[in-house]
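Following: one structure in structure tokens, then a few remarks.
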Amino acid sequence: MQENEKDKRLQKQLDFIREIDKEKEIFRQTYLADASRKENDAEHAWHMAIMTMLLSEYANEKIDVLKTVGMLLIHDIVEIDAGDTYAYDEAGKATQHEREQKAAERIYGLLPKEQGEPLLKLWEEFEAQQTPEARFARTMDNIQPMLLNDASDGLSWREHSVKLSQILGRNKRTALGSEKIWDYAFNNILKKHVDSGNIIDDEGVFSAEAGACAKANERNGR
């Protein structure tokens, strides 16, 4: 590669690096653990990357940790163009994939082809949810805001009057990446916030469970 070509390659890489700094300006609906402000996309990605390094042992299937970390670090870059689509914004979700696909092609297209194309394919792999890495990445993507909602006393859930049916609908694939982590979140986070009124139990999931346990105890003479 001649010096002029190297300069052009470096320029493309630096242009991409400057462009993705805009991810720090994309704010999500989830608050930081101390509830002082909402987190941004870059913080979200960093948090999930470290979570993957620590929690990969709970994946249902063996995963390539480095690949999964990379997937999580790059998957929300598309929101620089597409914006953050709130998890329970049904109108926004209807156009989300189209907006994000267009954004992915533009932003990853800033890089030299042999770097940009693999990143685009990695983003598309995350979206397709067909590999162990993509499934575990989705688990991290769903559990991380749940952990912050728990730490901030359900602030975002309360602000949006979120219903348990909405959370369960969003998390219908979370256990595919890690049954252990989903079971923990369901029993130790969601139940607590339903009991405290931070989440509306519109389907009576936990009250039904409590009723079944009470009947069982009666039968056992407890």
(message) Between Glu25, Glu114, Glu61, where does the largest GNM mean-square fluctuation fall for the chain, given springs only between Cα atoms within less than 10 Å?
(response) Glu114
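With a 1.4 Å probe and all protein chains left in place, how much accessible area per residue does the chain have, in Å²?
Accessible area per residue, the chain: 55 Å².
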(message) Between Val194, Val78, Val205, where does the largest GNM mean-square fluctuation fall for the chain, given springs only between Cα atoms within less than 10 Å?
(response) Val205
(request) Report, to two decimal places, the Cα Rg of the chain normalised by 2.2 N^0.38 Å (N = number of residues). (result) 1.18
(message) For the stretch 1-83, what does the relative contact order come out to in percent, with C-alpha contacts under 8 Å and a separation of six or more?
(response) 28
(message) Defining a contact as two alpha carbons under 8 Å apart and six or more residues distant in sequence, what relative contact order in percent does the chain show?
(response) 21
(request) With label points built 7 Å along Cα→Cβ from the Cα atoms of Arg106 and Asp202, find their separation and express it in nm. (result) 3.4
(request) Kindly state, to the nearest 0.05, the FRET efficiency for Ala35 paired with Arg173, given R0 = 30 Å and r defined as their beta-carbon distance. (result) 0.60
(request) Under a 10 Å cutoff between Cα atoms, tell me which one of Gly169, Gly154, Gly109 has the largest fluctuation in the Gaussian network model of the chain. (result) Gly169
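What's the tally of Lys pairs in the stretch 64-167 whose alpha-carbon atoms lie under 19 angstrom apart, where the two lysines are 8 or more places apart or on different chains?
6
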(request) Go ahead and estimate [θ] at 222 nm for the chain from helices alone: -39,500 (n - 2.57) per DSSP H run with n ≥ 4, summed, over the residue count, rounded to 500. (result) -19500 deg cm²/dmol
(message) With unit charges on the beta carbons (Lys and Arg positive, Asp and Glu negative) and the dipole taken about the Cα centre of the stretch 1-109, which residue among Met53, Tyr88, Ile107 sits farthest to the positive side?
(response) Ile107
(message) Suppose R0 equals 25 Å. What FRET efficiency, 1/(1 + (r/R0)^6) with r the Cβ-Cβ distance, do Asp15 and Glu124 give to the nearest 0.05?
(response) 0.70
(request) Quick one: pull the percent of accessible area on the chain belonging to carbon and sulfur, 1.4 Å probe, ligands and nucleic acids left out. (result) 52
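The values are calculated or read from the model by the stated rules, or taken from the named source; none is laboratory data. Quick caveat, the model's predicted, so the values are computed rather than measured. A quick note on method: Cβ atoms are made from the backbone with ideal geometry, for glycine too, and the neighbour counts reach across all protein chains shown. Note: areas computed on protein heavy atoms with side chains; ligands, DNA, RNA excluded. Shrake-Rupley method; radii C 1.70, N 1.55, O 1.52, S 1.80 Å.
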